[in-house]
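The values are calculated or read from the model by the stated rules, or taken from the named source; none is laboratory data. The shown structure was predicted, so the numbers you read here are calculated from the model rather than taken from an experiment. Cβ atoms come from the backbone with ideal geometry, glycine included; neighbour counts cover every protein chain shown. For the accessible areas, the whole protein counts, side chains as well, though only heavy atoms, and no ligand, DNA or RNA atoms are used. Shrake-Rupley method; radii C 1.70, N 1.55, O 1.52, S 1.80 Å.
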Amino acid sequence: MYDKINETVEYIQKITRFKPSIAMILGSGMGNIADEIENSVSISYKDLPHFSISNVEGHANKLIIGDLCGKKVIVMQGRFHYYEGFSQSEITYPIRVFKKLGVEDILITNAAGGCNKSFKPGDLMIINDHINMSGSNPLIGPNDERIGPRFPDMTSAYNKDGIALIKKCASKLDIKISEGIYMFFSGPSYETPAEIKMASILGADAVGMSSVPEVIVARYCGMRVYGISCITNMAAGISGEELNHNEVIEITRLTNSRFSKLVKKLIEEL
Ligand code: HPA
């Protein structure tokens, strides 16, 4: 793994000497902010050694490196999902590459179903903790102590100062945002109403099919993590309506300008 990471990093550094300090992984339909990056270099996943390629609609499969709001950033336009058949280790490979490139802060976003009944589609939620219901973990397997500890702590997986900062940014921009716990299901089927009832009883405010493996590996590597969910629908059984991916894409599209403003403000303040 260590040698593979070095190969990917060398490939990127041959294309650009840019040293990003902030990484962003953007959820379905939330990739537009990458278009605002200045002096950008774009690298297709297919050209990157040891990278996977996602087949999900709304994911561009590109790394964008450049300047955003005065900061050096690297953005994953499109992420890998457990439900696509990748292992959680494959999904999180880019995080290890980012660490080696010098990234210290990572913003991870996703589309999620709301199981907190006070939420509405289009709401934004700061993730303040998670529950991993996937039955797996991206760190299963041999550990390389040069990268991180065997048993990484997850007490403050989502940076406490970061949560306060996102709230401050949202308030300055007059954007409503709540905070809550994200529960990770493998998907790809949406949850059943019974599973959502369980999720709520266990303390989840939102459910989704991504982010948790990336957060675990980012913390393992010692990065500061910030998480934001866009609530695209009420989770199964809450509103009684059936769920579909088009609705998820449509709501993220409608939320994009608010979401981008918030993200840019956060990047500026980090
Ligand atoms: N469940 C799981 N993942 C999701 C949902 C949902 O309701 N909405 C968007 N991603």
Residues satisfying the stated conditions in region 156-211, i.e. away from the ligand (no atom under 12 Å from the Cβ) and touching a Leu at 6+ places or on another chain (Cβ under 9 Å): Asn159, Gly162, Leu165, Ile166, Cys169, Ala170, Leu173, Ile175, Lys176, Ile177, Ser178, Ile181
Residues that are buried (at least 24 other Cβ atoms within 10 Å of the Cβ), more than 11 Å from the ligand (Cβ to nearest atom) and of a type outside the set (Ser, Thr, Tyr), drawn from region 226-242: Gly227, Ile228
Odd one out for Phe185, checked against (1) more than 27 Å from Ala23 (Cβ to Cβ); (2) open to solvent by 10 Å² or more (accessible area, probe 1.4 Å): (1)
Conditions (1) surrounded by fewer than 19 Cβ atoms within 10 Å (Cβ to Cβ); (2) over 21 Å from Leu26 (Cβ atoms); (3) touching a residue at least 24 places away in the same chain (Cβ under 8 Å); (4) within 19 Å of the chain's Cα centre (by Cα): number failed by Ala164: (3)
Qualifying residues in region 83-141 (those that are open to solvent by 20 Å² or more (accessible area, probe 1.4 Å) and aromatic (Phe, Trp, Tyr)) - the one farthest from Ile53 (Cα to Cα): Tyr83
Filter pass, Val41 being open to solvent by less than 10 Å² (accessible area, probe 1.4 Å) and farther than 19 Å from Ser260 by Cα: no
Only listed residue being modelled with pLDDT of 95 or more, out of contact with any Phe, Trp or Tyr (no Cβ under 6 Å at 6 or more places or on another chain), polar (S, T, N, Q) and under 24 Å from Ile91 (Cα atoms), chosen from Ser171, Ser186, Ser210: Ser210
From the options Asn61, Asn39, Asn32, residue that is closer than 20 Å to Tyr226 by Cα and touching a Phe, Trp or Tyr at 6+ places or on another chain (Cβ under 9 Å): Asn32
For Glu247: the one exception among (1) open to solvent by less than 10 Å² (accessible area, probe 1.4 Å); (2) within 12 Å of the ligand (Cβ to nearest atom); (3) within 21 Å of Glu84 (Cβ to Cβ): (1)
Test: residue in region 259-268 that is aromatic (Phe, Trp, Tyr), at pLDDT below 95 and either surrounded by fewer than 16 Cβ atoms within 10 Å (Cβ to Cβ) or away from the ligand (no atom under 11 Å from the Cβ) (or both): yes
Failed criterion for Ala111 (all others in (1) free of Cβ contacts under 8 Å to residues at least 60 places away in the same chain; (2) under 30 Å from Ser257 (Cβ atoms) hold): (1)
